[in-house]
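Q: Input: one structure, supplied below.
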Amino acid sequence: MIASKRLLIVGPPGAGKGTQSAVISEVLGIPAIATGDIFRWNIANDTELGQQVKSILDAGDFVPDELTCEVVADRLLQEDARDGFLLDGFPRTVGQVEFLDGFLADHGLALDGVIQLEADIDEVVKRLRQRAIEQGRSDDTEEAIHHRQIVFAEQTEPILAIFRERGILLPVNGLGSVEDVTSRIMTALENLSDDEVTEQL
Ligand code: AMP
């Protein structure tokens with residue numbers, strides 16, 4: 001039984017976060033919330049937010065924390081996220097971790113687990129080049145692909161240490177078939193739930 005329902009999935013661009021979060025959210029019955037998807041939806045629909053962030057996404061830079069956190073807070077307050085959620089692509093900076101901690105604490109909540117999808121750089125770049133051909137995402141240009149890897153290493157990798165220290169980081173090998181990776185994630189989540197049960201006894 002997996003009791004953990006407030007989860008994050010973190011990994012370099014191209015690691016397969018979107019694919020895995022769709023499966024996990026279905027299995028656990030929690031919404032997968034991807035900040036990248038929310039931004040892309042706003043760009044496609046030419047909203048005020050979309051106009052604000054379009055050039056930032058195209059360049060592969062980060063949307064400012066203040067704006068990103070506001071989007072996440074709005075989304076987490078919706079009814080379907082009350083009993084759990086899987087955040088994909090958020091938090092990505094130390095400031096965003098602090099915001100999320102504060103937001104959850106204000107609601108008497110805390111994170112249960114952080115799935116760290118590991119994949120080496122050559123593999124993720126290969127996948128992103130393939131996605132560029134298949135989906136034509138405007139931030140999958142060669143330049144933006146490389147820039148996003150650098151931004152991930154500089155700004156997002158440091159947040160992993162925070163979750164490791166809390167004992168909720170779950171490193172999972174992201175290479176292999178979708179099914180294999182999903183089953184590794186489910187095992188990691190089951191182990192986390194077992195630990196929680198043990199702690200409560
Ligand atoms: P993704 O689909 O997760 O790869 O995100 C696509 C783009 O959306 C990123 O390259 C950023 O420009 C922006 N973005 C998504 N999530 C965040 C975040 N948590 N903080 C800042 N920018 C973000």
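The values are calculated or read from the model by the stated rules, or taken from the named source; none is laboratory data. It should be emphasised that the depicted structure is a prediction, and the values quoted were computed from it without experimental measurement. Cβ placement follows ideal geometry from the backbone for every residue including glycine, while neighbour counts extend to all protein chains displayed.
Q: Does the range 53-69 contain at least one residue that is more than 25 Å from Glu157 (Cβ to Cβ) and not in a helix (DSSP H, G or I)?
A: No, the range 53-69 contains no residue that is more than 25 Å from Glu157 (Cβ to Cβ) and not in a helix (DSSP H, G or I).
Q: Moving on to the next point. Condition check: within 9 Å of the ligand (Cβ to nearest atom), within 24 Å of Glu190 (Cα to Cα) and either part of a loop (DSSP other than H, G, I, E, B) or in contact with a strand residue (DSSP E or B) (Cβ under 7 Å, 6 or more places away or on another chain) (or both). Does Gly14 satisfy that?
A: Taking the combined requirement at face value, the residue does not satisfy it.
Q: Related question: Taking the range 95-117 on its own, how many of its residues are surrounded by 13 or more Cβ atoms within 10 Å (Cβ to Cβ) and of a type outside the set (A, V, I, L, M, F, W, C)?
A: Residues that pass the stated criteria total 7.
Q: Okay, moving on. Restricting to the range 48-60, what's the tally of residues that are modelled with pLDDT of 95 or more and either near the ligand (Cβ under 8 Å from one of its atoms) or hydroxyl-bearing (Ser, Thr, Tyr) (or both)?
A: Residues flagged as modelled with pLDDT of 95 or more and either near the ligand (Cβ under 8 Å from one of its atoms) or hydroxyl-bearing (Ser, Thr, Tyr) (or both) within the range 48-60 amount to 4.
Q: Given the criterion out of contact with any strand residue (DSSP E or B) (no Cβ under 9 Å at 6 or more places or on another chain), outside any strand (DSSP E or B) and either surrounded by fewer than 18 Cβ atoms within 10 Å (Cβ to Cβ) or in contact (Cβ under 8 Å) with a residue 40 or more places away in the chain (or both), identify the matching residue among Arg92, Arg129.
A: Checking each option against the conditions leaves just Arg129.
Q: Right, another one. If Ile43 satisfies every condition in (1) exposed (fewer than 15 other Cβ atoms within 10 Å of the Cβ); (2) free of Cβ contacts under 8 Å to residues at least 24 places away in the same chain; (3) among the hydrophobic types (A, V, I, L, M, F, W, C) but one, which is the exception?
A: Tallying (1) exposed (fewer than 15 other Cβ atoms within 10 Å of the Cβ); (2) free of Cβ contacts under 8 Å to residues at least 24 places away in the same chain; (3) among the hydrophobic types (A, V, I, L, M, F, W, C), Ile43 fails exactly one: (1).
Q: When the residues of the range 132-145 are filtered to those that are touching a residue at least 24 places away in the same chain (Cβ under 8 Å) and either assigned to a helix (DSSP H, G or I) or among the small types (Gly, Ala, Ser) (or both), which remaining residue is nearest to the ligand (Cβ to nearest atom)?
A: Ala144
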